[in-house]
């Protein structure tokens, strides 16, 4: 059995899909499509000094309700299968990974 977190056990090996990139300044960008086979994932702001807004519910990201703010170095685990979007006022690099069972 494979474990990502102590409370999350998976009965099959997982594979990762990399969705990393850079936010387009001033525009909401969908970085992960909705995926009903996704098991988990993570997105991290890897910039040195700019915030990244993330919408985990399938809508557009921005400086508005519905988006969470990731400070530089901040990350959030993904538990949903919704599309994920990002927004920033500058070109903010991010790391984004979604996990699936090998047979998905």
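The values are calculated or read from the model by the stated rules, or taken from the named source; none is laboratory data. All of these numbers come straight from a predicted model, not from anything done at the bench. Cβ: placed from backbone, ideal geometry, glycine included. Neighbour counts: every protein chain shown.
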**Request:** Would you be able to say whether some residue in the range 55-70 is in contact (Cβ under 8 Å) with a residue 24 or more places away in the chain, assigned to a loop (DSSP other than H, G, I, E, B) and buried (at least 19 other Cβ atoms within 10 Å of the Cβ)?
**Result:** yes
**Message:** Tell me whether the range 12-26 contains one or more residues that are part of a loop (DSSP other than H, G, I, E, B), at pLDDT 95 or above and at positive phi.
**Reply:** yes
**Request:** Report yes if some residue within the range 92-99 is free of Cβ contacts under 8 Å to residues at least 60 places away in the same chain, in contact with a strand residue (DSSP E or B) (Cβ under 6 Å, 6 or more places away or on another chain) and either under 10 Å from residue 51 (Cα atoms) or part of a loop (DSSP other than H, G, I, E, B) (or both); otherwise report no.
**Result:** no
**Item:** Filter pass, residue 81 being surrounded by 14 or more Cβ atoms within 10 Å (Cβ to Cβ), under 11 Å from the mean Cα position of the chain (by Cα) and not in a strand (DSSP E or B)
**Value:** yes
